[in-house]
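Take a look at the structure set out below.
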Amino acid sequence: PPQTPVRTAMNTIQQLQMILNTADDKPSSTLEAYFNNCTVNPTNGITNRVEYLGQKFQENFAQAVGEGWAEIGSQRYKLGVRLYYRVMESMLKSEEERLSVHNFSKLLNDATFHGSLLACAVEVVMTTYGTTWNITLTSDIQTETDLSFPWILRVFDIKAYEFYKVIESFIKAEPTLSREMIKHMERCEHRIMECIAWQMDSPLFDILKQQKEQEDQPDQPEPTST
Amino acid sequence: FQDYHFGLDEGEGISELFDCD
């Protein structure tokens with residue numbers, strides 16, 4: 001049968017459910033092994049952050065679409081967390097292979113990395129299920145609320161510049177993403193590059209300033225040992 | 001991935017982007 005937009009959407013949802021229905025809500029034994037290999041074990045930081053951001057997500061979701069839909073918000077977040085752990089494991093495996101290192105202490109204790117990775121996973125789930133809701137305010141007034149990107153950045157208080165850093169690695173680490181989802185993530189990238197990363201509170205300006213200062217300094221002699 | 005433009009250099013990954021190399 002011909003692919004209609006509804007059929008495509010249903011297929012994408014079924015595919016995501018198939019992958020995540022059997023996935024863990026908590027770090028797998030492989031992830032735990034990576035955490036145990038770290039100089040500073042990141043487990044508590046990671047699980048506390050998942051809990052805290054979950055509360056923020058569910059509050060904001062219910063506020064946006066109505067308290068009656070809070071359970072749906074909870075289900076969406078749960079799927080996002082499963083995808084987050086799945087992609088994290090895949091990323092670490094490929095980094096281990098590429099760099100031949102087993103200790104990812106700095107990366108796994110970086111709050112901006114985790115916040116951005118989790119935001120990316122939740123964005124994929126939210127986009128899969130659709131992010132536009134019609135809310136009835138009174139019996140005859142309806143309004144549309146939009147939970148699509150960059151909504152998740154505001155909810156998690158993530159800088160677009162940090163979110164941008166994880167997109168490409170996320171796509172590489174999750175080969176089951178549909179073509180439509182990759183296009184969506186690419187559109188998020190473009191919006192960040194063209195607009196959001198240049199807003200007043202972006203860390204990009206400090207980074208550019210630091211880069212300029214480094215370039216302006218006379219060449220430093222090489223350190224004797226590294 | 002056919003239409004996606006990859007920005008990372010070859011041999012570069014998430015570790016470099018978060019200054020972990």
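Summary of computed values
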| read-out | value |
| --- | --- |
| A:Ile72-A:Met200 pseudo-label distance in nm [points 7 Å out on the Cα-to-Cβ vector] | 3.5 |
| Paramagnetic label zone (point 7 Å from Cα along Cα-to-C-beta, A:Leu208; backbone N under 18 Å) in the range A:133-171 | A:159-165 |
| GNM top mover of A:Glu51, A:Glu215, A:Glu89 - chain A, alpha-carbon springs below 10 Å | A:Glu215 |
| Prolate/oblate/rounded call for the range A:17-61, Cα gyration tensor, a/c under 1.5 rounded | oblate |
| In the protein assembly as shown, lysine pairs closer than 20 Å at Cα, eight or more apart or cross-chain | 14 |
| Under 5 Å, built H, 5+ apart or other chain: amide partners of A:Ile135 | A:Thr143, A:Glu144, A:Thr145 |
| Cα long-axis angle, helix A:43-65 against chain A (0 to 90 degrees, to the nearest 10) | 30 |
| Charge tally in the Cβ shell below 13 Å around A:Val125, where Lys, Arg are +1 and Asp, Glu are -1, A:Val125 excluded | +2 |
| With Cα atoms, 0 to 90° folded angle of helix A:5-21 axis to chain A main axis | 60 |
| The range A:111-181 shape via C-alpha gyration tensor axes, a/c threshold 1.5 | oblate |
| For the range A:68-188, alpha-carbon Rg over 2.2 N^0.38 Å | 1.20 |
| Full-stretch length increase - A:Ser28, A:Ser139 - with 0.36 nm per residue and alpha-carbon distance subtracted | 35.2 nm |
| Value of relative contact order over chain A, rounded to a whole percent, pairs C-alpha under 8 Å and six or more apart | 20 |
| The range A:1-140 - Kirkwood radius from inverse mean 1/r over Cα pairs (Å) | 16.8 |
| On Cα atoms only, tilt of A:160-173 relative to the major axis of chain A in degrees | 80 |
| Largest-first principal axis extents, alpha carbons of the protein assembly as shown, Å | 74, 42, 40 |
| Residue-averaged [θ]222 nm for chain A, counting only DSSP H segments that reach four residues, each worth -39500 (n - 2.57) | -21500 deg cm²/dmol |
| Max mean-square fluctuation residue, GNM over chain A, Cα-Cα springs under 10 Å, options A:Tyr52, A:Tyr164, A:Tyr34 | A:Tyr52 |
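Readers should treat all values here as calculations from the given coordinates under stated rules, not as data from a laboratory. Predicted model only: the values in this text are computed from it and were never measured. Every residue, glycine as well, gets a Cβ built from its backbone with ideal geometry; the counts of neighbours run over all protein chains shown.
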